[in-house]
Amino acid sequence: MKRRIQRTERKAGKRRRSTWPVKRKQVAPRTAQDFFAKSEAFQDKWIRITEAVSKMRAEGKSLAQASEDAKLTPHTVLRWGRTALRKGANGRYMAKASDRLLRVMVVLTHGGKQEIAVRDSRQASLIAEHWNAADRYLATGDASGVRRLKGKSITDATGTKHRLLTDLAELDRQGNAGVLSFESIYARTA
């Protein structure tokens with residue numbers, strides 16, 4: 001015996017409402033405002049996700065190894081960083097040659113350190129190269145790395161260009177003033 005489905009007629013203009021709670025889809029931050037609007041816990045997690053992807057690319061680590069180093073689960077790195085990863089023929093995930101994940105990083109400027117949001121892993125690598133060159137110059141006096149970056153600039157997430165600080169006198173002044181510290185180039189809220 002078939003059961004009949006009783007249909008109720010709706011009045012014009014009225015809709016039925018679901019009794020299920022609405023779950024909003026979380027999306028990855030695309031701008032600095034999006035990033036800083038998230039909770040501190042999410043900001044920390046996002047920074048660790050981008051670091052895990054960077055380790056996969058630079059050091060050739062597997063997804064499991066990079067996730068463990070970042071104190072995250074592989075599922076979390078996949079969930080938020082999937083656009084930066086690709087699946088190889090063997091079924092393992094590898095980092096793409098470059099990615100468009102947002103990174104809020106600290107850049108050296110004439111006024112001191114400045115937080116800049118970049119959406120390109122190549123720009124993030126250039127910032128890291130600049131920090132390494134400045135650190136080497138201040139520690140050993142070897143300015144070859146800083147000279148190599150002369151005239152280069154960083155394009156942030158909004159399209160604004162920022163020139164890298166290559167003035168040796170200004171680097172010396174900021175280094176002697178204690179403005180520069182090389183703990184982390186990733187911005188952290190405190």
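The values are calculated or read from the model by the stated rules, or taken from the named source; none is laboratory data. A quick note: this is a predicted structure, and the numbers were derived from the prediction, not measured. As a convention, Cβ positions derive from the backbone with ideal geometry for all residues, glycine included, and neighbour counts pool all protein chains shown.
Looking across the range 145-190, just one residue is among the charged types (D, E, K, R), modelled with pLDDT of 90 or more and exposed (fewer than 10 other Cβ atoms within 10 Å of the Cβ), and that is Lys161.
Filtering the range 55-102 to residues that are charged (D, E, K, R) and assigned to a loop (DSSP other than H, G, I, E, B) leaves Lys61, Lys71, Arg92, Lys96, Asp99, Arg100.
Here Met94 meets each of (1) at pLDDT 95 or above; (2) hydrophobic (A, V, I, L, M, F, W, C); (3) buried (at least 18 other Cβ atoms within 10 Å of the Cβ) with one exception, condition (3). Of the residues making up the range 40-51, those that are within 17 Å of Val118 (Cα to Cα) and aliphatic (A, V, I, L, M) are Ile47, Ile49. The set of residues from the range 103-125 being among the charged types (D, E, K, R) and outside any helix (DSSP H, G or I) comprises Arg103, Lys113, Glu115, Arg119, Asp120.
Residue-wise test of (1) touching a residue at least 40 places away in the same chain (Cβ under 8 Å); (2) surrounded by fewer than 13 Cβ atoms within 10 Å (Cβ to Cβ); (3) among the small types (Gly, Ala, Ser); (4) assigned by TED's automatic domain parsing to the domain that holds Gly151.
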position: Ala66; (1), (2), (3), (4): no, no, yes, no
position: Leu78; (1), (2), (3), (4): no, no, no, no
position: Ala84; (1), (2), (3), (4): no, no, yes, no
position: Val118; (1), (2), (3), (4): no, no, no, yes
